[in-house]
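The values are calculated or read from the model by the stated rules, or taken from the named source; none is laboratory data. Remember, it's a predicted structure, so these values are computed and weren't measured experimentally. Virtual Cβ from ideal backbone geometry, glycine too; neighbours counted across all protein chains shown. In case anyone asks, the SASA skips ligands and DNA or RNA and just uses the protein heavy atoms, side chains included. Shrake-Rupley method; radii C 1.70, N 1.55, O 1.52, S 1.80 Å.
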Amino acid sequence: MTEQRPSYDPSTVEKRWQAAWAKERAFCTTGRGEPFYVLEMFPYPSGDLHMGHVRNYTIGDVFARYTRMQGRDVLHPMGWDSLGLPAENQAILEKVAPQVRTPKNIERMKAQMQRLGLAYEWERELATYQPEYYRWNQWFFIKFLERGLVYRRETQVNWCPGCNTVLANEQVKDDFVCWRGHPGVTTRTVPEWAFRITAYAEELLKDLDQLGAWPERIVTQQRNWIGKSTGARVRFEVVGRSDVIEVFTTRVDTIFGCTYVVLAPEHALALKVTTPELRPQVQAFIDKMRQKDRIERTAAGAPKEGVFTGAMAKNPYTGEAVPIWLANFVLADYGTGAVMSVPAHDQRDFEFATLNALPIRPVIYPKDGAALPSPLEAATTDDGIVKGSAQFSDLDSATARDKMAAFAKERGFGEAAITWHLRDWGFSRQRYWGTPIPIIYCDDHGAVPVPEAELPVRLPDFDAIELTGQGGAPLAKLPAFYDSKCPTCGKKARRETETMDTFVDSSWYYARFLSAHDDAVVVSKAEAAKWLPVDVYVGGPEHAVMHLLYFRFWHKVMRDLGLVTSDEPVTRLITQGMVNASAFRCPTHGYVKAAEMREQKEAAHVCPKCGKALVVAVEKMSKSKYNGIDPMDLIETYGADTARLYTLFAAPPEKDLEWNPEGVDGLYRFAGRVHRVLAVHGERVRDAVLPKSQAGLPAADAEVRSALHRTLAKVTDEVGVRNHFNTAIAAMMELVNTLTDHRLHEEACPIGAGVIREVLLTFGQMLCPFAPHLAEELWAGAGGDGLVCHSTWPKADPQAVAKEIITVAIQVNGKLRGQIQVSTSAAAPEVIRAAKSDENVSRHLTGKTVKKEVYVPGRLVNFVVSG
């Protein structure tokens, strides 16, 4: 009776190896090998991982583990983006201090990460809510202030009623939705602190060319957001007044077709130039626009609204007086707050002119001489040949632009100019759970920075303050916090009560990991020179023009402060796709729990409340859509390795992943089949001698070893070169099929012990980046030294990998005694030696005299013997 082998129990295996890694400090940097820094975007500690987290961190873990096995000294840290609005809102709701809840959430999520087997160097762990971290936010603020990169301004800001706070432009999506998903974003005029990111606009744009290992879509988004526009500034005099309206245009070649000028309703000249008889209408329009959201006003497809001021402006090129209008689609803080309108060559201007019966005058014609339709049915926006434009007529558009800008400068009414879409980064927030801004307001000395020796300015205890989410900055209600003295004169003063946006925290955290617990410096220059830029950074593409832009800016300032030497923070960016799953929605009752619907056997799913047919769609996993999968439930059922394998196998890193429960079952079976080989053969083969080559192996052994090394070559290429982890796993699954064909899951397997041991050891190494617990089990069970995660990534045997392998029959005195596999390029002496080393052939040659050795290339070897 065959002894029953133990089945694969991932919970036992995984706990054992997690304990071993912790004991050995397995993932700490060693100082040996070339440095390699892998980082995933650190999470907000909500208390629970979701599948998006699992995918993000597992992708990074593959890079870290594989690169460590390549002999590199890998830095792979983790921390917590733990300040900000979600924690404050939770504190308001539950009346539990974020100082209490946050560390508990961190502890819980850290334990979940450890259960996933993530290879983090936890000794470098940091959390941004700790004063030891945000002290350096305040230090940076002061350094930025000294360099003129921080200033206070009155500005129109985006206001989110859901978040009850100010948002940067980059945090507002289309349809007036904030980046956290709250609708109804509007505008307010408030004082705020801002970083002068525009001082680095040119460099931020230019250095995008260095980011060859970033996704092109991210680079394009940043290029467009920075938005460099080359054109000309032109000044229109207001007829009958001394006032001047300055416009910026990228199409000065069309200025002879300008038939009106538009001011923003908030423009300083809007009422000033308005004639008395039209003042009531203009004032009413301005008041109306103040009530409208600026995003809504300028949205694509929004209706064009405007009012005539009664004033006229003189086109400096033609001397023609054109009407001055106000319109909803021009904003005071964008460009100059005024535009010259050429309806023949700008579609927005065309629509407004058509609506208000304003002249439309073409001045740019096709280069091929074709006529324009008359009247125009839409604006023609392409470059062409300039017509009706005095001395500039018959020039091509590009040449005309240069000559017209030079002409404006010569005559004193304009010049060539550059503008940017990028705006300075407003970062102050009227919230509690953020970094206090280290400024003290003195009546005599104005805004004075807190001395560095007095940092950090600590947040007051939660119990000392009443959080309601309403009524301005919470810290402004606490005299014990804001009452202060001027650092310059010692007189009574008031401390700043606003806090910093959490994007400040995440703009430099990657550098703090290098000196995470050094109180003397924000980052060691020697460590920065060693580890930066980050080699691989993994995170979501939704951060393209927020975090990924801000931390590029911050890195350049750190460089200019002498803290780092590189121009960019990250060499390679990996943006992983979303994790999607079927969501079930009732038209009346909203989303229904997907887990319940998956259990329904009916082809058509119905609402449990009303019986109506549900709308089924594949959507991003979300709590609000009830279609998420709890990673801990997955681990409890299948183990961490299966969870990791599935998230890596279901799609390439940059593609969206669609959840499929059957796929999880398949990966679990795969892991079990691999473990079965160890369970059956581990003890028997752990001391077996490993084959050094294909030479002399029986045909079946050679075939198994060849399949093993071809798989190794494939996995090495897919992981190390192409980063297609799904196809690497697929190759290993194919190898398991080959092993099954050769009965490696059976005790009566005909394959030699040495080859089986090589299979187990090499399989363990290949699996290490993907399923590290099972990998350690294979390695240890087959007698590998130390931990597999510290082993050197194996190299495929070229002879075994070669596809030109042939099977050669071996005869002794004309009788078949065996078969061997050899390369088609193998010379006769090599084939003869391999034939003699075959176990069965060797037995028939022992004690005999070999009189003749015959090799028929590619077919057979025959030994003629006597005795």
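Quick notes
- Long pairs among LYS655/LYS795; LYS228/LYS314; LYS288/LYS477, criterion Cα-Cα beyond 32 Å: LYS288/LYS477
- Ligands, DNA and RNA left out, the accessible area of segment 292-347 computed with a 1.4 Å probe is 56% carbon and sulfur.
- With all projection directions averaged, the alpha carbon convex hull of the chain covers 51.5 nm².
- Peptide packing for 748-760, 522-534 was compared via the average number of neighbouring C-beta atoms within 10 Å per residue; ordered from the highest value, the list is 748-760, 522-534.
- Those trypsin sites (Lys or Arg not before Pro) in segment 373-431 that DSSP places in a loop and that have at most 10 other beta carbons within 10 Å: none
- The chain: relative contact order in percent, alpha carbon pairs under 8 Å with at least 6 residues between: 13
- Taking every Cα-Cα distance in segment 568-649 and sorting them into 5 Å bins starting at zero, the pair-distance distribution P(r) comes out as 3, 13, 18, 19, 15, 12, 9, 5, 2, 2, 1, 0 percent.
- Value of Rg/Rh across segment 638-735 [Cα atoms, Kirkwood radius]: 1.04
- Calculated log₁₀ intensity ratio I(q)/I(0) where the Debye formula runs over C-alpha points of segment 198-356, q = 0.08 Å⁻¹: -0.28
- Counting protein heavy atoms only, segment 670-793 has 49 percent of its accessible area on carbon and sulfur, 1.4 angstrom probe.
- Expected-Rg normalisation [2.2 N^0.38 Å, Cα atoms] applied to segment 473-596: 1.60
- Here segment 489-514 and segment 259-279 have alpha carbon centers that stand 41 Å from each other.
- Calculated from the alpha-carbon coordinates, segment 396-462 shows an Rg and a Dmax of 23.9, 67 Å respectively.
- Accessible area, probe 1.4 Å, largest first, for residues GLU146, GLU746: GLU146, GLU746
- Computed on protein heavy atoms with a 1.4 Å probe, the accessible areas place TRP136, TRP225 in the order TRP225, TRP136, largest first.
- When the inverse distances between all different Cα atoms of segment 123-211 are averaged and flipped, the Kirkwood radius reads 15.8 angstrom.
- Accessible surface ranking for HIS445, HIS675, 1.4 angstrom probe, highest first: HIS445, HIS675.
- Segment 344-405: equivalent-ellipsoid semi-axes (sqrt of 5 x gyration tensor eigenvalues, Cα, Å): 22, 13, 10
- Expressed in units of 2.2 N^0.38 Å, where N is the residue count, the Cα radius of gyration of segment 67-217 is 1.33.
- For segment 651-702, the calculated P(r), taken from all Cα-Cα distances in 5 Å bins from zero up to the bin holding the longest distance, is 4, 14, 11, 15, 15, 11, 9, 12, 8, 1 percent.
- For segment 209-284, fraction of C-alpha pairs farther apart than 13 Å, in %: 77
- Stokes-Einstein diffusion coefficient of segment 31-155, Kirkwood radius over Cα pairs, 20 °C, 1.002 mPa s, in µm²/s: 128
- Only alpha carbons enter this Debye calculation for segment 481-545, each as an equal point scatterer, and the log10 of I(q)/I(0) it gives at q = 0.19 Å⁻¹ is -0.88.
- Value of D in µm² per second that Stokes-Einstein yields for segment 288-405, Kirkwood Rh from Cα pairs, at 20 °C (1.002 mPa s): 134
- P(r) histogram, all alpha-carbon pairs of segment 539-588 included - 10 Å bins from 0, percent: 22, 33, 20, 12, 8, 4, 0
- Convex hull projection area averaged over all views, segment 720-867, Cα basis, nm²: 11.2
- Computed with every protein chain present, the accessible area of ASP346 is close to 50 Å² [probe 1.4 Å].
- Averaging over all projection directions, the Cα-based convex hull of segment 356-471 occupies 17.1 nm² in the image plane.
- Relative contact order of segment 202-346: 31 percent, from C-alpha pairs under 8 Å at least 6 residues apart in sequence.
- Kirkwood Rh in Å, taken over segment 684-798 so that all alpha-carbon pairs contribute: 14.2
- Whole-percent carbon and sulfur share, accessible surface of segment 54-130, 1.4 Å: 49
- Accessible area (Å², 1.4 Å probe, nearest 10) - ARG235: 60
- The mean of 1/r over all distinct Cα pairs in segment 243-311, once inverted, gives the Kirkwood hydrodynamic radius of 13.7 Å.
- For segment 568-644, chymotrypsin sites (Phe, Trp or Tyr not before Pro) are listed when DSSP marks them as loop and at most 16 other Cβ atoms sit within 10 Å of their Cβ; the list is empty.
- Per residue, the chain exposes 43 Å² of accessible surface when a 1.4 Å probe is rolled over the protein heavy atoms with every protein chain present.
- Per residue, the convex hull volume that the Cα atoms of segment 802-860 enclose (Å³): 75
- For segment 549-702, the alpha-carbon radius of gyration amounts to 1.65 times the rule-of-thumb value 2.2 N^0.38 Å expected for a compact globular protein.
- Calculated over segment 2-70: convex hull of Cα atoms, volume per residue (Å³): 175
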